[in-house]
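Reviewing the structure listed below.
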Amino acid sequence: MKPHKRKHPQKLQTITIRQAEATDISQIVNLVNAYALQGTVLPRSLKSVEESLADWLVAEVDTEILGCVSLLRYSSGLVEVRSLVVRDRYHGLGIGSRLMHELLIEAKRRQIPTLFALTRKVPFFNRFGFSLTTKQMFPEKVWFDCQQCPLINNCDESAMVLHLNSEDKESIEPSKKSTD
């Protein structure tokens with residue numbers, strides 16, 4: 001197995017987590033769809049990212065998008081964390097955790113009461129306070145996205161949920177049990 005090429009750690013200190021902008025759309029789509037080809041996430045179109053741009057966060061250094069994540073509102077009380085991806089060569093550097101941390105801050109700012117995710121990365125989401133639940137808790141997701149997934153009959157993702165409490169700032173801090 002070939003080792004990942006990583007940029008110098010000092011350069012990584014300049015990573016910015018920010019709201020996505022129109023100039024980021026093609027990089028977001030290319031990044032997400034590269035992971036979609038591996039079966040990690042579902043693909044996103046230019047149009048779908050453009051229409052939901054206000055719901056995307058990106059990790060950027062020197063105009064390169066290293067990672068991204070988005071929120072998708074199903075109802076006033078239920079919002080999905082989706083398309084959380086980080087470029088392979090930057091795995092293990094905490095970028096996913098930084099994206100999730102900022103996403104949780106944004107969710108609290110928007111007064112979103114409940115977040116959910118379908119994931120194969122249960123320990124990662126556990127660190128942010130998510131707990132396992134059943135997919136049946138999210139019929140909107142199953143109807144909307146799962147119907148398009150090639151693994152619908154053999155899904156290996158776990159459903160996770162986080163109930164946000166605007167009074168509890170600690171719920172947005174990852175636990176220190178393990179690292180990215």
Virtual spin-label span in nm between residue 131 and residue 26, 7 Å along Cα→Cβ: 4.6 nm
Dipole magnitude (debye, nearest 20) for the range 32-98, charges at Cβ of Lys, Arg, Asp, Glu: 180 debye
Net length gained if the chain between residue 75 and residue 36 were fully extended (0.36 nm per residue, minus Cα distance): 11.5 nm
Estimated inter-spin distance, residue 45 and residue 163, nm [label 7 Å along Cα→Cβ]: 3.7 nm
Charge dipole of the range 47-117 about the Cα centre (unit charges at C-beta), most positive-ward option of 100, 58, 78: 78
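What order do you get for 74, 90 when you list them from fewest to most C-beta neighbours inside 10 Å? Can you show the working numbers first?
Numbers: 74 17, 90 21.
Taking fewest neighbouring Cβ atoms as first place, the list is 74, 90.
Using a 10 Å cut-off on Cβ atoms, rank the peptides 56-67, 22-33 from the highest mean neighbour count down. Each step should come with its number before you reach the end.
Numbers: 56-67: 19.2, 22-33: 17.2.
Descending packing order for the listed peptides: 56-67, 22-33.
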Under 5 Å, built H, 5+ apart or other chain: amide partners of residue 80: 72, 73, 74, 116
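Computed from the coordinates by the stated procedures, all read-outs in this text should not be read as laboratory data. Because the structure is a prediction, the values reported are computed rather than measured. Virtual Cβ from ideal backbone geometry, glycine too; neighbours counted across all protein chains shown.
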